[in-house]
Amino acid sequence: MTTVESLRVRETLWNELTEQVLDLYQTGEYEQGVEVATKALQVAESIYDPHHLNLATSLTNLATLYRAQGLEPEAEILFRRAMDIDVTFLDENRMSFQEASA
């Protein structure tokens, strides 16, 4: 399997895990959701750069499940990491837009 094929397989896995996390959250299966969300985060960390929005999505999903279980300190750490990614993304895109508009 080539590197590109391996990346596609892992991206597909990340998408499937993320969908599963959302289903588990909606049905209130938070403990199982945490297990799946943790796997999705591990996959995201292995394929995306540290400022990729899909990594922020995985962090937010896991944080949301922690919050649903009353684990606020754990959730806050993950929400902050996700927010840092979002802010970095917005800053980079704002600069690109300003350069394009100049």
Over the Cα atoms, compute the radius of gyration (one decimal) and Dmax (the largest Cα-Cα distance, rounded to a whole number) for region 3-101, in Å. 14.9, 48
Two-decimal ratio, region 1-49, of alpha-carbon radius of gyration to 2.2 N^0.38 Å: 1.23
Set of region 32-64 residues, backbone N closer than 18 Å to the point 7 Å along the Cα-Cβ line of Leu90: 51-61
Any idea how far apart Thr27 and Glu5 come out in nm if each label point goes 7 Å out from Cα toward Cβ? 3.3
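For region 3-101, what's the relative contact order in percent, using C-alpha pairs closer than 8 Å and at least 6 residues apart? Working shown, then result.
Working: 97 pairs, mean separation 22.7, N = 99.
Reported as a whole number, the value is 23 percent.
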Multiply the residue separation of Leu13 and Met83 by 0.36 nm, subtract the distance between their alpha-carbon atoms, and state the gained length in nm to one decimal. 22.8 nm
Quick one: 3J(HN,Hα) in Hz for region 78-90, Karplus 6.51/-1.76/1.60 with θ = phi - 60°, rounded, Gly and Pro as x. 6, 4, 5, 4, 5, 5, 4, 5, 4, 5, 4, 4, 5
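None of the figures in this text is laboratory data; all of them are computed from the coordinates on show. In this text, all values refer to a predicted model and were calculated from it rather than measured experimentally. Here Cβ is always computed from backbone atoms with ideal geometry, including for glycine, and neighbour counts include all displayed protein chains.
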